[in-house]
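What follows is calculated from the coordinates using simple rules that are stated; it is not laboratory data. Keep in mind that this is a model prediction, so the values were computed, not measured. Using ideal geometry, Cβ is built from the backbone for each residue, glycine included, and neighbour counts are taken over all protein chains shown.
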Amino acid sequence: MMDLEKAIRKLLTGANPLIIGVGNPLRSDDGVGVYIANELAKRRRKNVLVAELSPENYIDKMCNPEYNLLLFIDAVHANFPSGSVVVKEFREEGCEPTITFSHRIPLSFIASLVKRRNPRVRVFLLGIQVERTQLGEEISPKVKETADLIVKILSEGLKRVAGK
């Protein structure tokens, strides 16, 4: 996971980021992005948005020109071992052909809308491979272990970005 820490540090270097937690907290691992965003908010990290199933409702906030980095955190179905992490930049073509999500509007579409209004923003996905998405179950142990590590790395990174 050292590579993950390096990747996140590199992303946050020189950035004024908005971290966006996406997913359904009622469907076990699908709520991992929301879990991470909530944990960061509890640590009083600014620039964190808990979007749950409707990230499209926050496009105006995402388009704020003060942000030069958007980092969507979401559960993915990418045929990796559960708890694995993928970090990909959304480009004009998007990065979703091999990665699927549970929300209705693709994140690549939201990313393209935001980039039209704020061309200097870079938009990334930090995706965590799910193990299960049954209704009413808690996040699986492997996915939660990865999520807690991401919370730690992002919390420290956001602290550095804020200069505190």
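Side notes on the structure shown:
- The magnitude of the dipole of the chain, with charges of +1 and -1 set on the Cβ of Lys/Arg and Asp/Glu and taken from the Cα centre, is near 820 debye.
- Cβ-based charge dipole, the chain, positive-most Cα from SER140, PRO17, ALA51: PRO17
- Ratio Rg/Rh [Cα only; Rh per Kirkwood] for the chain: 0.93
- Summary of the geometry: region 1-44 and region 101-164, compared by the centres of their Cα atoms, lie 5 Å apart.
- MRE, 222 nm, helices only [DSSP H, n ≥ 4, -39500 (n - 2.57), over the chain, to nearest 500]: -11000 deg cm²/dmol
- Shown for the chain are the DSSP H helices of 20 Å or more along their axis, judged by Cα atoms, with a mean Kyte-Doolittle hydropathy of at least -0.5: 141-162.
- Among beta bridges identified by DSSP and lying wholly in region 2-162, the antiparallel ones come to about 25 percent.
- Once Rg and the Kirkwood radius are both taken over the C-alpha atoms of region 4-75, their ratio Rg/Rh works out to 0.97.
- Among THR133, THR146, THR13, sorting on how many other beta-carbon atoms sit within 10 Å of each Cβ, with the fewest leading, yields THR13, THR133, THR146.
- Ranking of TYR58, TYR35, TYR67 by neighbouring Cβ atoms within 10 Å, starting from the fewest: TYR58, TYR67, TYR35.
- Overall, region 8-78 carries a charge dipole of about 460 debye about its Cα centre when +1 sits on the Cβ of Lys and Arg and -1 on the Cβ of Asp and Glu, all other atoms neutral.
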